[in-house]
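Remarks on the structure that follows.
The values are calculated or read from the model by the stated rules, or taken from the named source; none is laboratory data. The model shown is predicted, which means the values in this text are computed figures rather than measured ones. Reconstructed Cβ throughout: ideal geometry from the backbone, glycine too, with neighbour counts over all protein chains shown.
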Amino acid sequence: MFECIGSVCAFLAIFSTFSFAHLDNFVIRVISDIGPCACKLECYSSTKCASVNYDLNNFECELSSYNGSLFNESNATEFYQSFSMDNIKQEFSDPCNGILCGPNMKCITSTNGILCIITECGEPLAVTNTIPSSLSSLRAVGTVLMYQCDSVGTPVGNLTSVCQSNGVWSHITGYCKVCGTLPSVPNGAVGPGFDFQNAVRNITCQLGFMLSTPDNTITCQGDGNWSAINTTCIIHECPASFHHDMIKELCIRVFDVPATWDDADTVCQNYSQRLININTPSQITILTQYLRSLTNVDERDDIHVGGRLVDGQYRWMVTNKTIAPAVWDVNNPSESMKVCTHFHDTEHLRDKECTALGKYACGVFY
């Protein structure tokens, strides 16, 4: 997009370029509320326009395909000024003079008329822990910026960005590594990830172990050190009367004497457990397979599990984590949003009244 500015078009000053005429039957486009200068420039940039009619009274521009003589036309009408393309080209020594293009664009002339093209990019991309390149002030299309890491960072991968023809800097695939050796975690490990400033990594535990606190992350700090580890991997204590599958990280016991949700959870707490949590589709599969292996549970049974509505959100009481949408049955939780939850062999997780009687599963997926 461009617009005409200033007084580069002395429309009424060059009487030799127009006659009072209206060229009927050749109009290809009409533009309202436009000045005479912009009218002629619009014709110049069009591939089909050969002349223009300009309405002095209504400030209306008609682009015309007529390329004959503009004088002594039999259909001449007052209040119109007509200009041929030859007249327009002669009037503008530099057709781009006075053309205002958009941001990072420049006016050029071509066989297709006047064009505004992108010639540069905006501000370069910001990359953490880098110092400006000597070329960081350049913006032209095709410019290649090479980023350098500061005194703390070490370059990893490609740290270059190119100003592309669309005016956007190309994506930078590399980064500046800030933090070095990862801290050791007895009976666990720091998970994969990046090493740039503010990067976060998760701590995981080996089979049979669980985190002592929910705070299972460390952060790469600006001084090149990882933040302190605020958790440990401890042996998961599963009661002797419970089923313990260390590979599937499951500790569970199913009680077949029906109880309300609250009474069932109280029984679980007597074993230092809570009603069980299930927060992934794979855990649904594991729980379903385990329940089907029991002789005291029928596939029609509803099993109390540890989800409960707290402050408008369903959470697992044993972990205090929000229940994932993927484990709910279709159209659940219901519109009535019953406070407690149960698990069914084929229906997965549903909300249910806490006073309903049912079998229940104590334990945890850890």
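Among the residues of segment 66-79, are any aliphatic (A, V, I, L, M), over 30 Å from Gly157 (Cα atoms), modelled with pLDDT of 80 or more and not assigned by TED's automatic domain parsing to the domain that holds Val141? Even if it seems obvious, please write down each step before you answer.
Taking segment 66-79 and keeping what is aliphatic (A, V, I, L, M), we get 70, 76.
Checking the rest, the ones that are also over 30 Å from Gly157 (Cα atoms) come to 70, 76.
Narrowing the set further to residues that are modelled with pLDDT of 80 or more leaves none.
Among the residues of segment 66-79, not one is aliphatic (A, V, I, L, M), over 30 Å from Gly157 (Cα atoms), modelled with pLDDT of 80 or more and not assigned by TED's automatic domain parsing to the domain that holds Val141, which makes the answer no.
Taking Gly208 and the conditions (1) within 27 Å of the chain's Cα centre (by Cα); (2) under 30 Å from Asp301 (Cβ atoms), which numbered condition does it fall short on, given that it satisfies the others?
Single failed check for Gly208: (1).
Taking segment 211-242 as the search range and keeping residues that are among the hydroxyl-bearing types (Ser, Thr, Tyr) and within 35 Å of the chain's Cα centre (by Cα), which one is surrounded by the fewest Cβ atoms within 10 Å (Cβ to Cβ)?
At the first step, the residues of segment 211-242 found to be among the hydroxyl-bearing types (Ser, Thr, Tyr) are 212-213, 217, 219, 227, 231-232, 241.
Filter again for within 35 Å of the chain's Cα centre (by Cα), leaving 212-213, 217, 219, 227, 231-232.
Working: Ser212: 13, Thr213: 9, Thr217: 16, Thr219: 14, Ser227: 14, Thr231: 18, Thr232: 16.
Selected residue: Thr213.
Of everything in segment 108-162, what is part of a loop (DSSP other than H, G, I, E, B), modelled with pLDDT of 80 or more and over 28 Å from the mean Cα position of the chain (by Cα)? Give them in sequence order.
Answer for segment 108-162, where residues must be part of a loop (DSSP other than H, G, I, E, B), modelled with pLDDT of 80 or more and over 28 Å from the mean Cα position of the chain (by Cα): just Asp150.
Among the residues of segment 292-323 satisfying the criterion of being in contact with a helix residue (DSSP H, G or I) (Cβ under 9 Å, 6 or more places away or on another chain) and assigned to a loop (DSSP other than H, G, I, E, B), which is nearest to Cys362 (Cα to Cα)?
In this case the residue turns out to be Val318.
Under 7 Å between Cβ atoms, at least 6 apart or on separate chains: pull out the pairs that start in segment 335-347 with a residue that is over 13 Å from Tyr314 (Cα atoms) and free of Cβ contacts under 8 Å to residues at least 24 places away in the same chain and end on any residue that is of a type in the set (Asp, Glu) and surrounded by fewer than 16 Cβ atoms within 10 Å (Cβ to Cβ).
Between residues of segment 335-347 that are over 13 Å from Tyr314 (Cα atoms) and free of Cβ contacts under 8 Å to residues at least 24 places away in the same chain and residues that are of a type in the set (Asp, Glu) and surrounded by fewer than 16 Cβ atoms within 10 Å (Cβ to Cβ), the close pairs are Glu347/Asp329.
In segment 336-366, what residues are under 20 Å from Ser282 (Cβ atoms), surrounded by fewer than 17 Cβ atoms within 10 Å (Cβ to Cβ) and hydroxyl-bearing (Ser, Thr, Tyr)?
Thr346
Can you tell me which residue in segment 271-325 is modelled with the highest pLDDT, limited to those that are among the aromatic types (Phe, Trp, Tyr) and within 19 Å of Cys340 (Cα to Cα)?
In the first step, residues of segment 271-325 are kept if they are among the aromatic types (Phe, Trp, Tyr); the result is 271, 290, 314, 316.
Add one more test, that the residue is within 19 Å of Cys340 (Cα to Cα), and what stays is 314, 316.
On the way: Tyr314: 96, Trp316: 92.
My answer is Tyr314.
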